[in-house]
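See below for the structure under consideration.
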Amino acid sequence: MLLSVVTAAAAASYAGLVGWTFNLLEQRDPGFFPIAPLAAISLAAVRGISLYFQTLQTNRLALTVMQDLQNAMFTKLVHADFARLQSEPVGSLVSRFTNDITLLRETLVRLSNNLLRDTMTVIWAIAWMLYLDWMLTLLVLVVYPLAAWPVIKIGQRLRKTSAQAQSQMGEVTSQLEESFSGTRMVKTYGLEDYEAARADKSFFERLKFLFSITENKARVDPILEVVGGIAFAGLVGFAGWRLLGGETSVGNILGVLTGIGVMSPAIRAIGTLSAVVQEGFAVLDRVFHLLDEDNEVAAALEAPALAVKTARIDIEQVSFDYADGTTALRDVSLHANAGQTIALVGPSGSGKSTILNLIPRLYDPQAGSVSIDGTDIRSVSLASLRRQIALVSQDVTLFDDSVAANIGFGQLDADRDTIIAAAKAADAHDFIIALPEGYDSPVGPRGSNFSGGQRQRLSIARAILKDAPILLLDEATSALDTESEQRVQAALERLSAGRTTLVIAHRLSTVRNADWIYVMQDGRVQEEGRHDTLIAQEGLYANLCRLQFGDDAR
């Protein structure tokens, strides 16, 4: 703040220096020759030095605030409900940390650099002008406020348009993410022109928003220019009349004109700053709306930790609807005793994955309960619940880090020997040590350096390392070739041993040996029993098996 005041005072002091200098000239006083140039140089030096340090300080403040906001937003989102994260495209989420934050940073930097400094420049300039000729100054002060109302109205329109533009930018980012991540399908199906046309439409929408913002901003300077011209014309006429009447001096008039020259750019900067600030407020609305969101899936304060003894799972009369109204489960009950492998089979959309998502409380059911060892999972802390569960799914998540780090996510404090032991148990050790850097080799973006079977075995090693008593397998082998499936299935059987396991599989060959099978359809349990019993019932399960295996279904 002090630096802004010094910078503004030094700039506005040119008005007093000009008035003083020309008054001395009128008096033919030779004493001003050594003093005036030195005073001008001193003012310039003071202003330059204070401007440098002010810019450093305000930018440091703005960048620190942006970092804190990014940290707060990421922490909020990473702890947000699974349903909330699923409801917004990844590209839109990324846009919040790139486009939104960039615009907000620019707003805060300009606000920090210009608002106080330009406001103080106007105040200091007016003070000097009042000192030199208060009547001329009052004329200027009457005219300039006429520009305030249209500038404020323009700022209000900008805020609304900017909010729409930021939302649309999230859609553009999401679309780009889809196009580039799906490049294999795009090229195979020859969709390059279709995607280009889709992107062109989005870019055109973006152009319209940006042009609307530019158009509103462009109106500010002409308004201020016209008002400045009116003020200058009135000032020239009134100053000439007062000078001819002997009520003021040339030096005072020139000093007031210098004050206007110093003040006008500052007023114009404040006017355009208003438009920038409205854009920033639109982004802040989005940021604080995110930070103020409440999680629907949350544990009570001081909730106790889940104590698992046998890892028995009981799902009692559970019903669940998604936010869009889609019914996923209706009055579903199923049970898994300690150490059992329970299979969930049925057509796509029958509710199998929803059941798996309810166990780690990615969702909460609208009716019914999910219990582990007789304890309702809503009554315990989320962290303790999820420590007891390991997940292996068809969509393997690997981060662009080393092999060891990706396995080590199962237990962050695991040492290298423990990680290697888990990899061996998952039948992954051999292909890992064949890599150029072994366990330190990068997996690539999304595990792109490995085949599907290799990625799956790394995820199994991660689950082995976690050593959780409950294991969820979500179609873990459905995307693999026959050889990879056999190796992965063998690793999964080792992983499942001694654990309560729920497995979803479209390939029914993987569930023949399950301790119990639940057959789902339309969000309900249609059949249950062991493989042989269900085949004998000649129902839905038997029909699914015949579709896959023909006469070998038994």
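The values are calculated or read from the model by the stated rules, or taken from the named source; none is laboratory data. Values in this document were obtained by computation on a predicted structure and should not be read as measured data. Cβ: placed from backbone, ideal geometry, glycine included. Neighbour counts: every protein chain shown.
Within the bounds of the stretch 295-307, is there any residue that is over 25 Å from Val78 (Cα atoms), in contact with an Asp or Glu (Cβ under 8 Å, 6 or more places away or on another chain) and either modelled with pLDDT of 80 or more or part of a loop (DSSP other than H, G, I, E, B) (or both)? Please lay out each step first, then the result.
As a first pass, look at the stretch 295-307 and keep what is over 25 Å from Val78 (Cα atoms): 307.
Add one more test, that the residue is in contact with an Asp or Glu (Cβ under 8 Å, 6 or more places away or on another chain), and what stays is 307.
This time we only want the ones that are either modelled with pLDDT of 80 or more or part of a loop (DSSP other than H, G, I, E, B) (or both), so: 307.
Yes, the stretch 295-307 has at least one match.
Table: residues versus (1) under 27 Å from Val297 (Cα atoms); (2) over 15 Å from the mean Cα position of the chain (by Cα); (3) outside the structural domain of Phe281 (by TED's automatic domain parsing).
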residue	(1), (2), (3)
Pro89	yes, no, no
Ser92	yes, no, no
Leu104	no, no, no
Met120	no, yes, no
Ile123	no, yes, no
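Counting only residues that are in contact with a helix residue (DSSP H, G or I) (Cβ under 7 Å, 6 or more places away or on another chain) and of a type in the set (D, E, K, R), give me the helices (runs of 4 or more DSSP H) lying completely in the stretch 428-501 with at least 2 of them. Lay out the reasoning, then the answer.
On the way: elements: 429-433, 452-466, 482-496.
In the stretch 428-501, 452-466, 482-496 are the helices (runs of 4 or more DSSP H) which contain 2 or more residues that are in contact with a helix residue (DSSP H, G or I) (Cβ under 7 Å, 6 or more places away or on another chain) and of a type in the set (D, E, K, R).
Pairing residues of the stretch 346-371 that are farther than 18 Å from Leu471 by Cβ and among the hydrophobic types (A, V, I, L, M, F, W, C) with residues that are modelled with pLDDT of 90 or more and surrounded by 21 or more Cβ atoms within 10 Å (Cβ to Cβ), at Cβ distances under 9 Å and at least 6 apart in sequence or on separate chains, gives Ala367/Val318; Ala367/Phe320.
Take Ala428 and decide whether it is crowded, with 19+ Cβ neighbours inside 10 Å and touching a strand residue (DSSP E or B) at 6+ places or on another chain (Cβ under 6 Å). Considered against the rule, which asks whether it is crowded, with 19+ Cβ neighbours inside 10 Å and touching a strand residue (DSSP E or B) at 6+ places or on another chain (Cβ under 6 Å), Ala428 comes out as no.
Contact map, the stretch 396-411: residues that are surrounded by fewer than 18 Cβ atoms within 10 Å (Cβ to Cβ) paired with residues that are modelled with pLDDT of 85 or more and of a type in the set (S, T, N, Q), Cβ distance under 7 Å, separation 6+ or inter-chain. Pairs shown: Phe399/Asn406; Ser402/Ser441. Of all residues in the stretch 102-119, exactly one satisfies the criterion of being more than 22 Å from Tyr52 (Cα to Cα) and without any contact (Cβ under 8 Å) to a residue 60 or more places away in the chain, namely Thr102.
Of the numbered criteria (1) farther than 30 Å from Ala299 by Cα; (2) touching a residue at least 40 places away in the same chain (Cβ under 8 Å); (3) buried (at least 18 other Cβ atoms within 10 Å of the Cβ), the one Gln454 fails is (2). In the set (1) surrounded by 19 or more Cβ atoms within 10 Å (Cβ to Cβ); (2) modelled with pLDDT under 85; (3) farther than 17 Å from Leu356 by Cα; (4) under 33 Å from the mean Cα position of the chain (by Cα), Thr477 fails one condition alone, (3). Go through the stretch 380-395 and give me each residue that's of a type in the set (Gly, Ala, Ser) and exposed (fewer than 14 other Cβ atoms within 10 Å of the Cβ). Matches in the stretch 380-395: Ala383 only. Here Ile315 fulfils each of the conditions (1) surrounded by 13 or more Cβ atoms within 10 Å (Cβ to Cβ); (2) under 32 Å from the mean Cα position of the chain (by Cα); (3) closer than 23 Å to Arg386 by Cα apart from (2).
Among the residues that make up the stretch 267-288, is at least one of them of a type in the set (Asp, Glu), within 35 Å of the chain's Cα centre (by Cα) and either in a strand (DSSP E or B) or outside the structural domain of Val109 (by TED's automatic domain parsing) (or both)? Steps first, answer last, please.
Step one: of the stretch 267-288, the residues of a type in the set (Asp, Glu) are 279, 285.
If we keep only those that are within 35 Å of the chain's Cα centre (by Cα) as well, we get 279, 285.
Right, trim to either in a strand (DSSP E or B) or outside the structural domain of Val109 (by TED's automatic domain parsing) (or both) and you get none.
No, the stretch 267-288 contains no residue that is of a type in the set (Asp, Glu), within 35 Å of the chain's Cα centre (by Cα) and either in a strand (DSSP E or B) or outside the structural domain of Val109 (by TED's automatic domain parsing) (or both).
Per-residue answers, yes or no, for (1) of a type outside the set (Ser, Thr, Tyr); (2) surrounded by 17 or more Cβ atoms within 10 Å (Cβ to Cβ); (3) at pLDDT 75 or above; (4) in the same structural domain as Ser353 (by TED's automatic domain parsing):
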residue	(1), (2), (3), (4)
Arg28	yes, no, no, no
Leu38	yes, no, no, no
Ser42	no, no, no, no
Val46	yes, no, no, no
Thr64	no, no, yes, no
Gln67	yes, no, yes, no
Val78	yes, no, yes, no
